[in-house]
Amino acid sequence: MAKSFQDGIPQYIREIDAYIPGKPVEEVERELGIRAIKLASNENPLGPSPMGVEAAKKALGESNRYSDGGSYYLREALAKRQEVARENILVGCGSTDLIHLAASVLLGPGESAVTSEGSFPLYYIAIEKMGAKLIAVPLKNYSFDLDAIARAVEPETKLIYIANPNNPTGTVFGADAFGEFLTKVPERVLVVLDEAYYEYVSMPNYSRSIELVQEGRNILVLRTFSKVYGLAGLRIGYGIGPAELLAEIDKIRLPIPVSGVAQAAALAALDDEEHVRRSIEVNREGLAQLGTGLHEMGVKFVPSVTNFILVQVGRGADALATEMMKLGVIVRPMGWMGFPEAIRVSVGTAEENDAFLRALGQLQASAGSAKRSERVRG
Ligand SMILES: *Cc1c(COP(=O)(O)O)cnc(C)c1O
């Protein structure tokens, strides 16, 4: 038989489970003909930083020119803020760009990388696309099991992905636990520490990640402008890590991965302390509101330090997410991420959180009455 063109695509690529992004609001509104709110992708419900938007508008007028591929001014500002050299900072097309690039420079067939089950699917994809072996360690109490991850490291292991806090569980570990973990990881293994939700965490002694970079440890810290800064749509994030590693990554990436508009917006958003402060405040209130509402309904959830909550709605969680969408509230079904009895809801504005709680209450009531009538029918 003639070979099909797919035969040229390696088996390890064809076996990858595709990442499923949250549904855009417009798509749901178009398909269902209803108004909807989106609490599915952990975006900032207050919108982008107004200072960021202003700067982006100005930069738009320069769009006939290629932008600065080296993101000079943004790296300069980040370096100053973090007290590292500019060479220790790499700006990417979202921090997910850097998740992929770390795998691209380190992994190949015959090698392996370790991460956790029940974490960000892009880690699995980054490892598998290189033909490397994915070692996924089970979660422990919905958290990264750092001891087990250290034990899972093999002679072939080159890379470890860790999310702190974890997505989708919203759990966190402290700086001491991470320091202890690093003593057990061979220095040849790069640890990618994804701190996408860093700004939301109020736990004391949460992270000393930048100090570890300053000490020259083999770690790459990832941060993003997609969450607290409200710039998810502009696709911009950054990594802080060893200069030698970043220089190698820089050779193989797209020449100008981040638009000048995104760079300008990010640079201005960094200084928009009022927007950051308000975003954190609204999130803290929203977490409490959702926690109280869920508790009153008797619905279990994993306590979260982030801007989303893993809600344990029980069997049929994916179907419940679909029903909720028909009521105009988009949440994320979690079956595909290994939690068939859970949905993930992002913290919204007070009104949006209320709409979510009402929709959940409504669906639970109708599920309850369906069960009761089943019992009556015998
Ligand atoms: C949201 C998120 C990111 C950010 O991705 P961007 O590409 O910067 O938008 C990274 N890691 C995790 C775990 C996330 O949840």
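The values are calculated or read from the model by the stated rules, or taken from the named source; none is laboratory data. None of the values given here were measured: they were computed from a predicted structure. Here the Cβ positions follow ideal geometry from the backbone for every residue, glycine too, while neighbour counts run over all protein chains shown. Side chains are part of the model used for accessible areas, which takes the heavy atoms of the whole protein and leaves out ligands, DNA and RNA. Shrake-Rupley method; radii C 1.70, N 1.55, O 1.52, S 1.80 Å.
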Inset, instruction - Report ³J(HN,Hα) in whole Hz for each residue of segment 62-72, in order, from the Karplus equation J = 6.51 cos²θ - 1.76 cosθ + 1.60 where θ = phi - 60°; Gly and Pro get x. - result: 9, 6, 5, 9, 4, 7, 6, x, x, 6, 3
Inset, instruction - Rounded to the nearest 500, what is the 222 nm mean residue ellipticity of the chain from helices alone, with -39500 (n - 2.57) per DSSP H run of 4+ residues and division by all residues? - result: -13000 deg cm²/dmol
Inset, instruction - If a/c stays under 1.5 just call it rounded; otherwise compare a/b with b/c (prolate if a/b is bigger, oblate if not). Do that for segment 82-190, with a ≥ b ≥ c from the square roots of the Cα gyration tensor eigenvalues. - result: rounded
Legend entry - Sequence ranges 316-324, 101-109, 361-369, ranked by mean other-Cβ count within 10 angstrom, highest first: 101-109, 316-324, 361-369
Legend entry - Whether segment 10-150 is rounded, prolate or oblate, judged on the alpha carbon gyration tensor where a/c under 1.5 counts as rounded: oblate
Legend entry - Charged-residue dipole, Cβ positions (Lys, Arg, Asp, Glu), the chain about Cα centre, Debye nearest 20: 880
Inset, instruction - Calculate one ³J(HN,Hα) per residue across segment 309-315 by plugging θ = phi - 60° into the Karplus curve 6.51 cos²θ - 1.76 cosθ + 1.60, and present them in order as whole Hz with x for glycine and proline. - result: 9, 8, 9, 8, 8, x, 4
Legend entry - Charge-dipole axis of segment 67-147 as Lys and Arg at +1 and Asp and Glu at -1 on Cβ define it, positive-most pick from HIS100, SER67, SER116: SER67
Inset, instruction - Please give the helix 260-270 orientation as an angle from the longest Cα principal axis of the chain, in degrees from 0 to 90, rounded to the nearest 10. - result: 80
Inset, instruction - Amide H neighbours of LEU159 under 5 Å, at least 5 residues apart or on other chains, H built in the peptide plane: list them. - result: VAL114, LEU190
Inset, instruction - Give me the net charge of LEU212's neighbourhood, meaning all other residues with Cβ under 15 Å from the Cβ of LEU212; Lys, Arg count +1, Asp, Glu -1. - result: -4
Legend entry - With Cα atoms, 0 to 90° folded angle of helix 273-297 axis to the chain main axis: 30
Inset, instruction - Using a 1.4 angstrom probe, figure out how much accessible area segment 50-271 has per residue, in square angstrom, rounded to the nearest whole. - result: 41
Legend entry - Length released on extending from LYS326 to SER369, taking residue separation times 0.36 nm less the Cα-Cα span: 13.6 nm
Legend entry - Cα long-axis angle, helix 317-326 against the chain (0 to 90 degrees, to the nearest 10): 80
Legend entry - Per residue accessible area in Å² of segment 315-378, where ligands, DNA and RNA are left out and the probe is 1.4 Å: 52
Inset, instruction - Please state the charge dipole magnitude for segment 50-271, taken about the Cα centre, from unit charges on C-beta atoms (+1 on K and R, -1 on D and E), reported in debye and rounded to the nearest 20. - result: 460
Legend entry - Furthest towards positive pole of dipole, THR306, ALA367, GLN289, structure part the chain, Cβ charges: ALA367
Inset, instruction - Would you work out the relative contact order for the chain, in percent, from Cα pairs under 8 angstrom that are 6 or more residues apart? - result: 23
Inset, instruction - Over 18 Å between C-alpha atoms is what I'm after, so list which of LYS38/LYS371; LYS158/LYS184; LYS23/LYS57; LYS23/LYS326; LYS80/LYS251 land there. - result: LYS38/LYS371; LYS23/LYS57; LYS80/LYS251
Legend entry - Distance from segment 115-137 to segment 234-307 (C-alpha centre basis), Å: 22
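What do you get for GluC sites (Glu not before Pro) in segment 160-243 restricted to DSSP loop and a cutoff of at most 12 other Cβ within 10 Å of the site's Cβ?
Of the GluC sites (Glu not before Pro), the ones in loops of segment 160-243 whose Cβ has at most 12 other Cβ atoms within 10 Å are GLU187, GLU215.
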Inset, instruction - Classify segment 50-271 as rounded, prolate or oblate, taking a ≥ b ≥ c as the square roots of the eigenvalues of its Cα gyration tensor: rounded when a/c is under 1.5, otherwise prolate if a/b is larger than b/c and oblate if not. - result: prolate
Inset, instruction - Quickly work out the MET297-to-ILE16 label distance, labels modelled 7 Å from Cα along the C-beta direction, and quote it in nm with one decimal. - result: 3.6
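Leaving out ligands, DNA and RNA, and with a 1.4 Å probe, what % of the accessible surface on segment 50-271 is carbon or sulfur? Don't jump to the answer; show the numbers that get you there.
Values: 4850 of 9090 Å².
For segment 50-271, the apolar C and S fraction of the accessible surface comes to 53 percent.
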Inset, instruction - Normalising by the residue count of segment 50-271, find the relative contact order in percent from Cα pairs under 8 Å and 6+ residues apart. - result: 29
